Amino acid sequence: METQASISTAQPNQSIAFFSQLIDEMKRHPLITAGFMLTVIAVIVLVLIEYNALGGQNIRFNHAMLGSLVSFSTTALGACGVLLLRGLSTKIEDSMLGFAAGMMMAASVFSLIIPALDASTEILGKPALSPFIVVIGLAMGVMLMLGLDRFTPHAHAHSGTFGPGRDRLSGVWLFTMAITLHNLPEGMAIGVGYAGGDDTVGLAITSAISIQNIPEGLAVAMALRAAGIRPLLALIVAAGSGLMEPIGAFIGVGVASGLPLAYPLGLSLAAGAMLFVVSHEVIPETHRNGHQTPATIGLMGGFAVMMVLDTALG
């Protein structure tokens, strides 16, 4: 009876401890907390406005979901390589991640920021004001990802664990949370790409993210395996994290479709989130092992591929 009672009280105690750590973390970073909460509230309001009046805009939602599922499938496809390969050199892993980072950077510029500037100018009728709308969206994307990074427990293969409650989760779950955080802005980018009704924007973003997800999925799965996780479990974790992309697409198409200015805001929010991930996570990870040159060459290659792809599809 005493054992059952101790088990029944353990989970509530752990939850209380987690929220206590979360509140302490928020108090230590009041500006990040304020920006994160305001962004989350704005995102929720815009999503509710959109999905409360879907009606004839269902086609946008359907296209966004289809694009995100394609992107998820390429993540799983790349992760399958962990069952076939014994290992990859860190130089190759860093080069592949650099390639993925380059495609994300180029997609942020050519498929998100530039269309956001054009849409802002068309809506406001004043080109001088459009950069301010984009800057606000970029800041929202950064604050969203900064808050998630600061307040969500997660781990990276080489840099340790982060976030409140990290000592109460296993290494597999912490790795999963980190990969999931990476996939959220990619899904949001696909969603906002289709939100404006111009499928060429959504198609370009979907193609870019789907292509870069193949080497990224393989690199993530191999990193998990190198961290001591069994190949099959590494495949499941790496592929399963891609399920965050349909969720991100759902949020993205909702955020960017509700109001006229929501479209450029949504595009730039997704761009800010992706650029944050590239700068804060991916690039430092590729430089950690001293492979700056091959990682940078991979980044430039990915940037060039996405630029050509965007031009061909746009």
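The values are calculated or read from the model by the stated rules, or taken from the named source; none is laboratory data. Computed from a predicted structure; not experimentally measured. All Cβ positions, glycine included, derive from the backbone under ideal geometry; neighbour counts span all protein chains shown.
Residues that are modelled with pLDDT under 90, part of a helix (DSSP H, G or I) and small (Gly, Ala, Ser) within the range 116-129 are absent altogether. Check the range 23-32 and report whether any residue there is closer than 30 Å to PRO215 by Cβ, among the basic types (Lys, Arg), more than 18 Å from the chain's Cα centre (by Cα) and modelled with pLDDT of 80 or more. Checked the range 23-32: no residue is closer than 30 Å to PRO215 by Cβ, among the basic types (Lys, Arg), more than 18 Å from the chain's Cα centre (by Cα) and modelled with pLDDT of 80 or more.
As a summary of the residue check, THR296 satisfies the conditions (1) more than 25 Å from VAL70 (Cβ to Cβ); (2) modelled with pLDDT of 90 or more; (3) touching an Asp or Glu at 6+ places or on another chain (Cβ under 7 Å); (4) not aromatic (Phe, Trp, Tyr) except for the one numbered (3). Return yes when PHE36 is modelled with pLDDT of 85 or more, under 17 Å from the mean Cα position of the chain (by Cα), surrounded by 16 or more Cβ atoms within 10 Å (Cβ to Cβ) and at negative phi and no when it is not. Judged against the criteria, PHE36 is a match. Considering each residue of the range 264-291, count those that are more than 26 Å from ARG150 (Cα to Cα) and either buried (at least 24 other Cβ atoms within 10 Å of the Cβ) or free of Cβ contacts under 8 Å to residues at least 60 places away in the same chain (or both), and give that number. Total satisfying the criteria: 2.
Within the range 109-132, can one find any residue that is among the acidic types (Asp, Glu) and crowded, with 21+ Cβ neighbours inside 10 Å? So far as the range 109-132 goes, no, none of its residues is among the acidic types (Asp, Glu) and crowded, with 21+ Cβ neighbours inside 10 Å.
Being of a type in the set (S, T, N, Q), within 15 Å of the chain's Cα centre (by Cα), assigned to a helix (DSSP H, G or I) and modelled with pLDDT of 90 or more is the requirement here; does SER108 meet it? Against the criterion (of a type in the set (S, T, N, Q), within 15 Å of the chain's Cα centre (by Cα), assigned to a helix (DSSP H, G or I) and modelled with pLDDT of 90 or more), SER108 qualifies.
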